[in-house]
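Taking it in order: structure first as structure tokens, then the write-up.
The values are calculated or read from the model by the stated rules, or taken from the named source; none is laboratory data. Please read all numbers here as calculations on a predicted model, not as lab measurements. Every residue, glycine among them, receives a Cβ derived from its backbone with ideal geometry; neighbour counts consider all protein chains shown. Calculation scope for accessible area: heavy atoms of the full protein, side chains included, ligands and nucleic acids excluded. Shrake-Rupley method; radii C 1.70, N 1.55, O 1.52, S 1.80 Å.
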Amino acid sequence: MAEIKIENVVKKFGNFTAVDNANLTVADKEFVVLLGPSGCGKTTLLRTVAGLGMADGGRITIGGRDVTYLPPRERQISMVFQSYAIFPHMKVYDNIAFGLRMTKVPKKETDRRVRESAEMMHIENLLDRYPSKMSGGQRQRVAVARALAMQAKVLLMDEPLSNLDALLRLEMRAELKRLLNDIDATTIYVTHDQIEALSMGDRIAVMKNGVIQQIDHPTIVYDRPSNQFVGGFIGNPPMNFMSGNVQRDGGNVRVVVGETALTPAPVLQSLLGNQTDVIVGIRAENMETLREPSPETIPVDVHVVEPLGSQNLLTVKIGNDFVKVATHPDFRVSADDRVYLRFPSDKIRWIERDSGKVIYG
Ligand code: ATP
């Protein structure tokens, strides 16, 4: 069992708190992605789990063993970091074999593992080369192969595909996912690429300013973000947000978005309390676009049309907000055309303006 448990972990640099009270349990064999914008503390948290930086508070256990203050070599982990330290004076073969030789794995088994992991990373034809004669992407794959060859129960990876070109990255993404599934390692994988996170992770932990915002399955993080930050960070395009003005007329509550009044569900009406503003969140693909008006549709003028092949992406203006709307590629419209949007009520995420929290939907 190699469950990783991160409990109330704090990491500071002087007065600056880079990781603020992080809690995350990664189940045995699970693949969790740490996702967030540059500088949010992902690498710092991963380094703390690896033992490359000691926690200033909290506790980390791996397989039930408290490793909080153990040096990296005693944590029984394998890691790939952004600054992949491969040895320039050793051929690729020897780089991958290094850890295995250090831990006295028999020669035949070492050879098998080196060739197998090199093959997995598509560098089997580079085993005789020196890293100085290779591209950044190739060097990065050597670092991943070296980590895989160790067959550790816990793998920590920090942006292991960041130096690959777009096509190779796409290919390696799927292969690495398959591979990590096959080798049964418990993995924490850091990336700022939300597509990588959505496509690879069993679960995603989204971070902002040192704080974990949400930990959930990719589909849930995408469809039901816990707050505006998560909805706005994940998805291409990100979730749309519009200002809603709450109007009360006797017992009737309406939320006016642009020129159209939406009727909030009774539960939401009570959650809104006395608030006068609310943010309405909805994803581009979740709006219906009609050519003719019908009840509870919002009339909008098309600002830009981007034909993307599998869909047409429209930009429209609602009140002061620009909103992205995905339509079928056969739905042909031009800039300045008028269309009508319907927001299916089960697709609206209602967000408290001040806190940014999703309060309903
Ligand atoms: P990136 O995706 O750019 O690698 P990240 O989310 O991994 O970003 P971290 O590298 O963990 O971010 O950094 C988190 C914060 O801690 C940043 O504001 C960074 O400037 C700060 N930081 C990181 N390492 C140190 C250090 N050794 N001393 C002082 N501040 C640091």
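Values as computed for the structure displayed
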| quantity | calculated |
| --- | --- |
| Accessible area of Met102 in the full protein assembly, 1.4 Å probe (Å², nearest 10) | 130 |
| Computed E for Glu124/Asp193 - FRET, C-beta separation, R0 30 angstrom, nearest 0.05 | 0.70 |
| Relative packing of 48-58, 14-24, which averages over residues the other C-beta atoms within 10 Å, highest first | 48-58, 14-24 |
| Asp336/Leu290 FRET efficiency (R0 25 Å; Cβ-Cβ; nearest 0.05) | 0.90 |
| Gain upon complete extension [Arg169, Gln247; 0.36 nm per residue less C-alpha separation] | 23.2 nm |
| Within-11-Å neighbourhood charge of Asp216 [Cβ basis; K, R +1; D, E -1] | 0 |
| Relative contact order (%) - criterion: Cα under 8 Å, at least six apart; region: the chain | 15 |
| Solvent-accessible ranking of Asp128, Asp321, largest area first, probe 1.4 Å | Asp128, Asp321 |
| Listed pairs Lys91/Lys133; Lys29/Lys177; Lys42/Lys347 exceeding 21 Å between Cα atoms | Lys42/Lys347 |
| Charge tally in the Cβ shell below 15 Å around Lys91, where Lys, Arg are +1 and Asp, Glu are -1, Lys91 excluded | +3 |
| Added length on full extension, which subtracts the Cα-Cα distance from 0.36 nm per residue, Asp94 to Asn209 | 37.4 nm |
| Value of relative contact order over region 240-360, rounded to a whole percent, pairs C-alpha under 8 Å and six or more apart | 28 |
| Contact order relative to length of region 132-200, as percent, for alpha carbon pairs under 8 angstrom and 6 or more apart | 38 |
| Over the chain: helical MRE at 222 nm, DSSP H runs n ≥ 4 each giving -39500 (n - 2.57), nearest 500 | -7500 deg cm²/dmol |
| Solvent exposure, largest accessible area first (probe 1.4 Å, DNA, RNA and ligands not counted), of Arg139, Arg178, Arg338 | Arg178, Arg338, Arg139 |
| Selected from Arg112, Arg203, Arg47 as most flexible by GNM, with the chain as the system and alpha-carbon contacts under 10 Å | Arg112 |
| Two-site label geometry, Arg115 and Ala27: point separation in nm, points 7 Å out along Cα→Cβ | 3.7 |
| Quarter of the Cα convex hull surface for the chain, i.e. its orientation-mean projected area (nm²) | 22.0 |
| Positive minus negative residues near Arg169 (Lys, Arg vs Asp, Glu; Cβ under 9 Å) | -3 |
| Charge-dipole axis of the chain as Lys and Arg at +1 and Asp and Glu at -1 on Cβ define it, positive-most pick from Ala185, Pro344, Ile298 | Ala185 |
| With DNA, RNA and ligands ignored, accessible area of Asp249 (1.4 Å probe; Å², nearest 10) | 110 |
| Nearest-0.05 FRET efficiency for Ser355 and Ser135, computed from C-beta distance (R0 45 Å) | 0.45 |
| Volume of the Cα convex hull of region 240-360, divided per residue and given in Å³ | 102 |
| Nearest-20 debye value, region 261-361 charge dipole, Cβ charges on Lys, Arg, Asp, Glu | 160 |
